[in-house]
Every structure is written in structure tokens, then in C-alpha cells.
Amino acid sequence: MRALTLIALLMAAPAFAVNPDEVLADPALEARARTLSAELRCMVCQNQSIDDSNADLARDLRLLVRQRLVDGDSDRQVLDYIVSRYGEFVLLKPRLSEKTYVLWGAPIALLFIGGIAMAAFASRRAGKPTGTRLTDEEQARLDALLGK
């Protein structure tokens, strides 16, 4: 029972990342802020969004996102502003641009190169006999069994 309670508390930990004093009064703006916060990487944690992180920098970024939304910025303008200050790394899902072609193209290139390597390896192995040739005695016995 204690373990179950502990697990339940640990699973709810990310829900406590956004403090009540950060929440906007307008539910529509708050929903936009939560959506944008889920797209931004915590620069301290690096594997969490700022929405899930308890780090001070994540809190500052959440407040900055909310302030920009209150000031009337569109979602795109908020993201562009954050990226201009922190770089593309702050986005959990990087944009496709000249700077990120290698990032997006590397998996495809590796799959292509791997496929070519596998095909080359398979073609070299095809047609090559495996094992050793039968001795004359073994061939004679096989012919006798097959009725030749």
C-alpha cells in the first residue's frame, strides 16, 4: 500500500511544475501557454519541457511565455522570440531549416547507407557454397540412397 502511494505521488510530480502564481486568469491564454511550454526544452534538465520542469530557468521561461502572450504575441512570435534568445536547441522538436537539414536527414541517410551495405554483403555471400565438398565415399553413399 505504501509503495502504491509513493508511486502515485511520483507520477504526479510533473503536474506540480507550473506554480499556481504562474497561471493566467484567461483560460484560453493559459491553454496556449501550456501548449507552448510543452514545446520548449528546459535548458537545465534538457530532457523535459519547461512545463514539466521545476528548475528556476524553466519557471523564468514559463513566465516569459505567459508575459509575451498577455502582450498580444502570436504563438509563432513567442517561439521565435525564445529561439532568438536561446537558439534552436530550446525547441523539443527542431524546425526544418538550413541549420537542421543534417539533423533531420541523418536518420534517412543512415538507413540508406545501411541498406546499401546489407545489399552488398548479401550479394557477396550469395552463390558461395558453404561447408566442404563431399568425399567420393560420401557421394557414392548419397547416390545409393537416392537410387542413382
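For region 65-76, 3J(HN,Hα) computed residue by residue from phi via the Karplus equation (6.51, -1.76, 1.60; θ = phi - 60°) reads 4, 5, 5, 5, 5, 4, 6, x, 5, 7, 4, 4 Hz, glycine and proline entered as x. Between amide H atoms placed 1.01 Å from N, distances below 5 Å from Leu91 occur with Arg41, all of them 5 or more places distant or on a separate chain.
Taking label points 7 Å from Cα along the Cα-to-Cβ direction, Ala55 and Ala119 give a separation of 4.4 nm.
A full extension of the chain between Asp75 and Glu98 corresponds to an added length of 6.1 nm, given 0.36 nm per residue minus the alpha carbon distance.
For mean projected area of the Cα convex hull in nm², computed directly from the structure shown, the correct entry in (i) 24.1; (ii) 20.5; (iii) 10.4 is (ii). Only Lys, Arg, Asp and Glu carry charge here, each on its Cβ (+1 for the first two, -1 for the last two); on that basis the chain has a dipole of about 640 debye about its Cα centre. Distances between placed amide hydrogens fall under 5 Å for Ser49 paired with Cys42, all partners being 5 or more residues away or on another chain. Projecting label points 7 angstrom from Cα along Cα→Cβ for Ala106 and Cys45 puts them 2.4 nm apart. Comparing Ala58, Tyr81, Thr132 along the charge dipole axis of region 49-148, the residue lying farthest to the positive side is Thr132, per the Cβ-charge model. Our coupling estimate for region 37-44, obtained by passing each phi through the Karplus curve with A = 6.51, B = -1.76, C = 1.60 and θ = phi - 60°, is 4, 6, 8, 9, 7, 6, 6, 8 Hz, Gly and Pro reported as x.
Counting each DSSP H run of 4 or more residues in the chain as -39500 (n - 2.57), what helix-only mean residue ellipticity at 222 nm follows after dividing by all residues, to the nearest 500 deg cm²/dmol? Write out the running numbers ahead of the final one.
Details: 6 runs with 86 residues, N = 148.
The helix-only estimate for the chain comes to -19000 deg cm²/dmol at 222 nm.
Here the dipole of region 100-146 is about 300 debye; that uses its Cα centre as origin and unit charges on the Cβ of Lys and Arg (positive) and Asp and Glu (negative).
The numbers here are math on the coordinates, done by the rules we state, and not lab data. Because the structure is predicted, anything quoted here is derived from the model rather than measured. Neighbour counts run over all protein chains shown; Cβ positions are idealised from the backbone, glycine included.
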